[in-house]
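The values are calculated or read from the model by the stated rules, or taken from the named source; none is laboratory data. These numbers were taken from a predicted model, which means no experiment stands behind them. Cβ coordinates were reconstructed from backbone atoms using ideal geometry, including for glycine residues, and neighbour counts include every protein chain displayed. For the accessible areas, the whole protein counts, side chains as well, though only heavy atoms, and no ligand, DNA or RNA atoms are used. Shrake-Rupley method; radii C 1.70, N 1.55, O 1.52, S 1.80 Å.
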Amino acid sequence: MDIKNISSKYVVKKLNSRDIPEIYNLCQENKLYYKYCPPIVTEESIKGDILALPPDTKIDNKLYLGFYSGEKLIAVMDLIYGYPRQETAFIGFFMTNTAIQNKGVGSEIISELCDFLKRKGFISVRLAWIKGNPQAEHFWLKNKFTILDEAVYNASRSLILAERRLGLAAGNE
Ligand SMILES: CC(C)(COP(=O)(O)OP(=O)(O)OC[C@H]1O[C@@H](n2cnc3c(N)ncnc32)[C@H](O)[C@@H]1OP(=O)(O)O)[C@@H](O)C(=O)NCCC(=O)NCCS
């Protein structure tokens, strides 16, 4: 994947273990997310996230990405392509830096990502959020994701599974 073409505005890089302190700083400010999706992030949990995969997927199909404005990490995304079907990409995690939230940055990144995936021939993007998380729900519905299903997450919470259709491919890069 030519990841530099995922964003026209931000520099996109694959994150690795050297980036964990910076990822941790970004994540730990997002208190609302961890209220709905505990436990609170740690450097150790990020180490696990960098390698985590859904069932029947390979590490080659995973991109754990950082979006940078200059030197500053402004967003982190876990993207699995070809899951749960070959023509679908799955956003396992997406989080922006609280310092730049509610300014349209998250929506801009998702919009450009969807354009990129469409050019690559994908027909849909899927993801899930914890039912009742107002910030996540508002954000994904605003970004044209529609609810597909609800699943059990744990004893007290459900997951909402949602999808955005990308329409017909406009051609490959
Ligand atoms: C969700 C998230 C990625 C959005 O990033 P962002 O850069 O702020 O995105 P945007 O500015 O494009 O849009 C934010 C929208 O959420 C809304 N919002 C923010 N906090 C909210 C809250 N507590 N309740 C309801 N809506 C909320 C904003 O009003 C805005 O919507 P609007 O344009 O209709 O007013 C960011 O808030 C985040 O990282 N949250 C923690 C992680 C998370 O929940 N990720 C998604 C679930 S996997």
Does any residue in segment 112-129 that is within 16 Å of the ligand (Cβ to nearest atom) come within less than 6 Å, Cβ to Cβ, of a residue that is outside any helix (DSSP H, G or I) and of a type in the set (Lys, Arg) six or more places away or on a different chain, and which pairs are these?
-> VAL125/ARG164
Strands (runs of 3 or more DSSP E) contained in segment 81-173 and holding at least 1 residues modelled with pLDDT of 95 or more, open to solvent by 60 Å² or more (accessible area, probe 1.4 Å) and among the charged types (D, E, K, R) = 146-152, 158-165
Can you find a residue in segment 67-80 that is part of a loop (DSSP other than H, G, I, E, B), of a type outside the set (A, V, I, L, M, F, W, C) and either within 14 Å of the chain's Cα centre (by Cα) or within 16 Å of the ligand (Cβ to nearest atom) (or both)?
-> no
Of all residues making up segment 8-47, the number that are touching a residue at least 60 places away in the same chain (Cβ under 8 Å), away from the ligand (no atom under 13 Å from the Cβ) and surrounded by 11 or more Cβ atoms within 10 Å (Cβ to Cβ) | 1
Does segment 89-111 hold any residues that are of a type in the set (Gly, Ala, Ser) and either more than 6 Å from the ligand (Cβ to nearest atom) or over 14 Å from the mean Cα position of the chain (by Cα) (or both), and which are they?
-> ALA89, GLY92, ALA99, GLY104, SER111
Which pairs do you get when a residue that is in contact (Cβ under 8 Å) with a residue 12 or more places away in the chain and within 14 Å of TYR68 (Cα to Cα), found in segment 93-107, comes within reach of a residue that is within 6 Å of the ligand (Cβ to nearest atom) and part of a strand (DSSP E or B), reach meaning Cβ atoms under 7 angstrom, with the pair 6+ apart or on two chains?
-> VAL105/THR96; GLY106/THR96
